[in-house]
Amino acid sequence: MVSVELDNVGHAFNERTQLFHGISLTLLPERVYALVGPSGSGKSTLLSIIAGWQQPSTGKVVRHGICKTSWVFQNPIGVARRTALDHVALPYLGQGYAAADAERLAREQLERFGLGDAADKRFGELSGGEAQRLMLARGVASNADLLLVDEPTAQLDMRTADAVDQYLGALSRSGTIVVVATHDHRTRDAATDVIDLERYQ
Ligand SMILES: Nc1ncnc2c1ncn2[C@@H]1O[C@H](COP(=O)(O)OP(=O)(O)OP(=O)(O)O)[C@@H](O)[C@H]1O
Ligand SMILES: [Mg+2]
């Protein structure tokens, strides 16, 4: 069974910044976890602990059957001169798809995120919201078992944000564990579970 088990997880960067403590829960596929809490409460930090990129100062995280983790960052990072299509085709090429198939799959993924018309634009020409959706499309293209998403709807209008929420739900139902750090109450409402860091302060 694929899962991520958090056992009494707590973190402090130093004695003045105790972020959270005592988080014990099991993250499962087919669920979308909304990770909420005020700015600075440690959402991004907890995502990186769940990913295994950072050790918690107390407790432990055990990943069962997670082969691949994908992270969609809070701030879009891409290669300015490369097209949107290139960014999404790359993970498919990495999975061994032939160039034509990688491109076809990447175009499908871009369509899903409302970026069909932006496929051939360079990353540097995208708007903030387009760049953010591109990061999501790329994250999804990596076919991870665990998808961590940091503030996916921060720069999106209501309709686009809604589409992103729906898509994250669909993705989880296909077997991915999805954890979304968010300030957006609609994303929170669309999730199956809520992890509120205020409860662990
Ligand atoms: N490497 C680090 N060293 C020391 N302090 C850090 C480090 N990384 C983050 N912090 C601090 O830890 C706190 C939590 O940061 P984090 O980015 O996890 O919050 P967040 O809940 O994601 O906030 P936001 O909603 O603004 O994205 C902040 O006060 C931040 O300054
Ligand atoms: Mg953050």
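When the stretch 37-55 is examined, which residues are found to be more than 9 Å from ligand 1 (Cβ to nearest atom) and either among the charged types (D, E, K, R) or open to solvent by less than 20 Å² (accessible area, probe 1.4 Å) (or both)?
Across the stretch 37-55, the qualifying residues are Ile49, Ile50, Ala51.
Among the candidates Val36, Val62, single out the residue that is touching a residue at least 40 places away in the same chain (Cβ under 8 Å), in the same structural domain as Ala154 (by the TED database) and closer than 13 Å to Val9 by Cα.
It is Val62.
Please work out which one of (1) touching a His at 6+ places or on another chain (Cβ under 7 Å); (2) outside the structural domain of Ala163 (by the TED database); (3) within 16 Å of ligand 2 (Cβ to nearest atom) is the condition Ile49 fails and give its number.
The single condition Ile49 does not satisfy is (2).
For Gly22, which of the numbered conditions (1) modelled with pLDDT of 95 or more; (2) surrounded by 17 or more Cβ atoms within 10 Å (Cβ to Cβ) fails to hold?
Just one mismatch for Gly22, condition (2).
I need the full set of residues from the stretch 128-174 which are among the acidic types (Asp, Glu) and either within 15 Å of Arg112 (Cβ to Cβ) or open to solvent by 10 Å² or more (accessible area, probe 1.4 Å) (or both), in order please.
Glu130, Asp145, Glu151, Asp157, Asp162, Asp165
Only one of these is without any contact (Cβ under 8 Å) to a residue 12 or more places away in the chain and surrounded by fewer than 17 Cβ atoms within 10 Å (Cβ to Cβ): Glu5, Glu111, Glu30. Name it.
Glu111
Looking at the stretch 9-36 only, could you name the residues that are in contact with a strand residue (DSSP E or B) (Cβ under 8 Å, 6 or more places away or on another chain), assigned to a loop (DSSP other than H, G, I, E, B) and within 13 Å of ligand 1 (Cβ to nearest atom)?
The one that is in contact with a strand residue (DSSP E or B) (Cβ under 8 Å, 6 or more places away or on another chain), assigned to a loop (DSSP other than H, G, I, E, B) and within 13 Å of ligand 1 (Cβ to nearest atom): Phe13.
When you scan the stretch 175-192, how many residues do you find that are farther than 18 Å from Ser3 by Cα, of a type outside the set (Val, Ile, Thr) and open to solvent by less than 50 Å² (accessible area, probe 1.4 Å)?
2
Select from the stretch 83-96 the residues that are more than 16 Å from Ala144 (Cβ to Cβ) and of a type in the set (Ser, Thr, Tyr) and list them in ascending order.
Thr83
Out of (1) within 16 Å of ligand 1 (Cβ to nearest atom); (2) surrounded by fewer than 18 Cβ atoms within 10 Å (Cβ to Cβ); (3) over 14 Å from the mean Cα position of the chain (by Cα); (4) of a type outside the set (A, V, I, L, M), the odd one out for Phe73 is which?
For Phe73, the exception is condition (3).
Within the stretch 83-101, is there a residue that is touching a strand residue (DSSP E or B) at 6+ places or on another chain (Cβ under 6 Å), outside the structural domain of Asp189 (by the TED database) and either farther than 24 Å from Phe123 by Cβ or of a type outside the set (A, V, I, L, M, F, W, C) (or both)?
Looking for residues that are touching a strand residue (DSSP E or B) at 6+ places or on another chain (Cβ under 6 Å), outside the structural domain of Asp189 (by the TED database) and either farther than 24 Å from Phe123 by Cβ or of a type outside the set (A, V, I, L, M, F, W, C) (or both), one finds at least one in the stretch 83-101, hence yes.
The values are calculated or read from the model by the stated rules, or taken from the named source; none is laboratory data. Just so it is clear, the structure is predicted and the values come from calculations on it, not from any experiment. Cβ atoms come from the backbone with ideal geometry, glycine included; neighbour counts cover every protein chain shown. Side chains are part of the model used for accessible areas, which takes the heavy atoms of the whole protein and leaves out ligands, DNA and RNA. Shrake-Rupley method; radii C 1.70, N 1.55, O 1.52, S 1.80 Å.
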